[in-house]
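What follows draws every value from the coordinates through simple rules; no lab data is involved. Just so it is clear, the structure is predicted and the values come from calculations on it, not from any experiment. Counting neighbours? That spans all protein chains shown, and the Cβs are built from the backbone with ideal geometry, glycine included.
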């Protein structure tokens, strides 16, 4: 079977992370032991040469030696790195754990790795910094595993809601931060939060709705009103629900209980006002239609094509 490239491994081939392999028989060790010892010796010599080159460059820089001599020392280091790759310390595979939304080719590009490159020349710290600049990645760890593997563990940001502000849509993570470049159209199931300060308060609202999953599944959007409270739009032509500024969780629980008992959200209502703790104000659709000015309907989940960033 032909050897698989690092990109193919990263793109989805199962990494070999199983248990320990069976011990190799002594006869095989005797046959190939000299080759392994030779490769280890070459690799050790390369590491020594690279270390000496680095130390030499530092000393030459402090001494102010001519740049031509410094270039010669760099050449020794480069030759040692190439020899280390030929001795078996070259990149053969990239193992990535935790990737879901980040494109595989973008991870490879961020690490600047190529098959056969000297593993000793690869800087895990620089690769981690590049990965953590990518929009979907919250944190990353990168390590070299000799003789030829680079392992990358990433923690991606978790998308939880869509944000609409002035006609623009974006994907929000659990911290209320926009995930740059994420396609809002890929998450049609998410609640849309509306308003300039909606991202800052979205996680709190989602946490309250999570206590009433049947009700949460019917909420298509939530509008932030005057930076103080939420109005909920119920999907499929349901009423607009006005939540109070104080203790919106109690109002959500009361609304869910009323719907379980009396199917409140299935009635012909335009509005359910829960802003007062001791009463509920209901506005029928007929009354709302008579009072409404001419023009397109307001509220609810936005229709048509979602425009992202």
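Placing one equal scatterer on every Cα of the range 141-180 and applying the Debye formula, the log10 ratio I(q)/I(0) at q = 0.28, 0.35 Å⁻¹ is -0.89, -1.10.
Ordered by the number of other Cβ atoms lying within 10 Å of each residue's own Cβ, fewest first, 218, 158 fall into the sequence 158, 218. Each listed q (0.13, 0.14, 0.17, 0.21 Å⁻¹) maps to a log10 I(q)/I(0) for the range 139-232 from the Debye sum over equal C-alpha point scatterers, namely -0.50, -0.56, -0.73, -1.01. Take the Cα of residue 153, step 7 Å toward its Cβ, do the same at residue 126, and the gap between the two points is 2.4 nm. Working note: Cα gyration tensor of the range 159-291, eigenvalues times five, square-rooted, sorted largest first, giving semi-axes of 26, 16, 14 Å. A simple spin-label model places pseudo-atoms 7 Å from Cα toward Cβ; at residue 253 and residue 97 they are separated by 4.0 nm. Counting other Cβ atoms within 10 Å as a rough exposure proxy, the listed residues 108, 171, 241 run 108, 241, 171 from fewest neighbours to most.
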